[in-house]
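Structure first, then comments.
The values are calculated or read from the model by the stated rules, or taken from the named source; none is laboratory data. Keep in mind the model is a prediction, meaning the values are calculated, not measured. In this analysis, Cβ positions are derived from the backbone assuming ideal geometry, glycine residues included, and neighbour counts consider all displayed protein chains. In case anyone asks, the SASA skips ligands and DNA or RNA and just uses the protein heavy atoms, side chains included. Shrake-Rupley method; radii C 1.70, N 1.55, O 1.52, S 1.80 Å.
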Amino acid sequence: MEGFSCSGRKAKINVIKEGLITIPDKLIFLDVETTGLDGYRDRIIEIFLLSLSKSGEVAQYETLINPQRPLPERITEITGLTDADLQDAPLESEVAPAIREFIGMGTPVGHNLPFDLRFLNSMFRRQKLLELGGGGIDTLVISRELFPKLAIYPGGGGSHRLSNLMYHFGLQDAYANAHRAKEDVMLLVEVFRYLQDYAAGRLAVSYPEPLINGCPLCGSAMHVTDGDGGRMLICRSEPPCDVKLVV
């Protein structure tokens, strides 16, 4: 997203709100599963793309990709994919042109978008296809600006993770099992819509300041806990400041 270099948090949020309300003609929501974290050495093993245009057209593309290398155990634990699942999948050389054509001139949307773009651009470079560059809409950046110290929900995993936003917006019943490319993209679309509504003032909910701006004493992101007395915010900073708030 252009404009995030504006000085001052208020200016940044205004830019984000304008960018969320003025949506490009075609958005490409995307997610990749990979053999590891290195965008240059590791490979994509699964991709899901969802195209949404202002005219109402919807299209999707998904495929597994044979990385031609064994999957690390950790990746199998996270995604559930195995070497057997990928052995008959197409090679990246067979699917990269279709992926690049599907994206076309659309605006990529992702959560921690630079991660996905590194893998995609590395694949396109290897296959001598036009790269995407670094532009697009990153919901991780937007979340950090709109909710500077978003509280960590049980099972959320971290303040601005997609899974934490899932709990923040009450989407867990539909998306709690997400960690494959398609499910993550469908969750991403919903989170993006909620961020849009919040930025435009259309979200019919108000959040307590400590829930989105952190502990009033030390500034750390607080933790949401559910107890017999209802929901509480607890600061677990190190060293602990022992702030507990009922919300």
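Results for (1) open to solvent by 30 Å² or more (accessible area, probe 1.4 Å); (2) closer than 20 Å to Thr225 by Cα, shown as yes or no for each residue.
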{"position": "Asp116", "(1), (2)": "no, no"}
{"position": "Gly133", "(1), (2)": "yes, no"}
{"position": "Asp138", "(1), (2)": "no, no"}
{"position": "Ile142", "(1), (2)": "no, no"}
{"position": "Asp173", "(1), (2)": "yes, yes"}
Just one listed residue, out of Tyr175, Tyr153, is over 11 Å from the mean Cα position of the chain (by Cα), over 18 Å from His223 (Cβ atoms) and not charged (D, E, K, R), and it is Tyr175
Problem - Yes/no for Gly156 being at pLDDT below 95 and within 23 Å of Glu33 (Cβ to Cβ) - result: yes
So, first residue open to solvent by less than 50 Å² (accessible area, probe 1.4 Å) in the stretch 196-212, second residue basic (Lys, Arg), Cβ within less than 8 Å, six or more apart or across chains; the pairs are Gln196/Arg202; Ala199/Lys17; Ala200/Lys17; Ile212/Lys149
Filtering the stretch 105-114 for residues that are in contact with a helix residue (DSSP H, G or I) (Cβ under 7 Å, 6 or more places away or on another chain), open to solvent by 10 Å² or more (accessible area, probe 1.4 Å) and among the β-branched types (Val, Ile, Thr) leaves a count of 0
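Show me the strands (runs of 3 or more DSSP E) found entirely inside the stretch 205-247 where at least 2 residues are at pLDDT below 95 and on the phi > 0 side of the Ramachandran plot.
none
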Any chance Ser159 is part of a loop (DSSP other than H, G, I, E, B), among the hydroxyl-bearing types (Ser, Thr, Tyr) and in contact (Cβ under 8 Å) with a residue 40 or more places away in the chain
yes
Residue pairs within 6 Å by beta carbon, gap of at least six or interchain, first lying in the stretch 67-91 and acidic (Asp, Glu), second surrounded by 17 or more Cβ atoms within 10 Å (Cβ to Cβ), listed first then second, are Asp83/Leu71
Verdict on Arg180 being modelled with pLDDT of 90 or more and open to solvent by 20 Å² or more (accessible area, probe 1.4 Å)
no
